[in-house]
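Colleague: Supplied in structure tokens, the structure appears directly below.
The values are calculated or read from the model by the stated rules, or taken from the named source; none is laboratory data. Everything numeric in this text was worked out from a predicted model, so none of it was measured. So basically every Cβ, Gly included, is an ideal-geometry build from the backbone, and we count neighbours across all protein chains shown. The area values use the complete protein model at the heavy-atom level, side chains included, leaving out ligands, DNA and RNA. Shrake-Rupley method; radii C 1.70, N 1.55, O 1.52, S 1.80 Å.
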Amino acid sequence: MINSLVAGGGLISASVILVIFVVPEISLCSRGIASRSWPKVRGRVTELIRDENSHAVVKYQYAMAGTIYDSTCYNLINSNPSTFYAETYFPPQVEVTVWVDPADPGISVLQPGASWVKLVFSMVCLLMASMVLVVYGSLAIWPKSETKESQRTLADWM
């Protein structure tokens, strides 16, 4: 009985972790990798906003299929460049290369690809959640070794 409760709780916990944390990370990383093959267009930085955490938000415009889009997405990993980097490479009115999602031209990045750190973190989380699912799943379906039938002695059989 206790093994079933522990196994059920472990299965639920691992499933929740997998769905909430791991699946979105892997999806984001795969989109980041796919962004390397997105079409490139020319864009222009319209504004550089510095925040209190030594990062900057780069606002830029680009045109795709006759429509002008505004964006602040630096990359798909949801991080912004450092203020020093942004001031050096993305001052206002500078022309930039923008990678645009062909399925949704409103999505673009200034830096395509995915961070190796993020990829490794996602894979480690996936591995850990999978191991927990296997261990607790096997506890839930593994035959019970201590049943009343197996506790009988040789004298009970005679």
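Colleague: How large is ³J(HN,Hα) for each residue in the range 51-61, as worked out from phi by the Karplus curve 6.51 cos²θ - 1.76 cosθ + 1.60 (θ = phi - 60°), to whole Hz, x for Gly and Pro?
Modeller: 10, 7, 9, 6, 10, 9, 9, 9, 9, 9, 10
Colleague: While we're looking at this one, here's another question. How do ASP51, ASP70, ASP101 stack up against each other in accessible area, from largest to smallest, with a 1.4 angstrom probe?
Modeller: The residues order as ASP70, ASP51, ASP101, largest area first.
Colleague: Grab the beta carbon distance between LEU126 and ASP104, set R0 = 22 Å, and tell me the FRET efficiency rounded to 0.05.
Modeller: 0.25
Colleague: While we're on this one: When Lys and Arg each count +1 and Asp and Glu each count -1, what net charge do the other residues less than 12 Å away from GLY32, Cβ to Cβ, add up to?
Modeller: Charge balance in the 12 Å sphere: +1.
Colleague: Label-point separation (nm) for PHE84 and SER54, each offset 7 Å from Cα along Cα-to-Cβ?
Modeller: In this crude spin-label approximation the distance works out to 0.8 nm.
Colleague: Can you give the net charge of the other residues whose Cβ lies under 15 Å from the Cβ of HIS55, counting K and R as +1 and D and E as -1?
Modeller: Result for the neighbourhood of HIS55: -2.
Colleague: Provide the net charge surrounding THR83, with neighbours chosen by a C-beta distance below 13 Å and charges set as Lys +1, Arg +1, Asp -1, Glu -1.
Modeller: It works out to a net charge of -2.
Colleague: What are the residues whose amide H is under 5 Å from the amide H of MET64, where those residues sit 5 or more places off or on another chain and H is modelled from the backbone?
Modeller: TYR69
Colleague: At 7 Å along the Cα-to-beta-carbon direction for both SER37 and THR72, put a label point, then send me their distance in nm to one decimal.
Modeller: Between SER37 and THR72, the simple spin-label model gives 3.2 nm.
Colleague: May I pose another question? According to a simple spin-label model (label point 7 Å from Cα along Cα-to-Cβ), what is the distance in nm between SER30 and TRP116?
Modeller: 2.3 nm
Colleague: Amide H of HIS55 versus every other amide H placed in the peptide plane: which residues, excluding those fewer than 5 positions away on the same chain, fall under 5 Å?
Modeller: THR83
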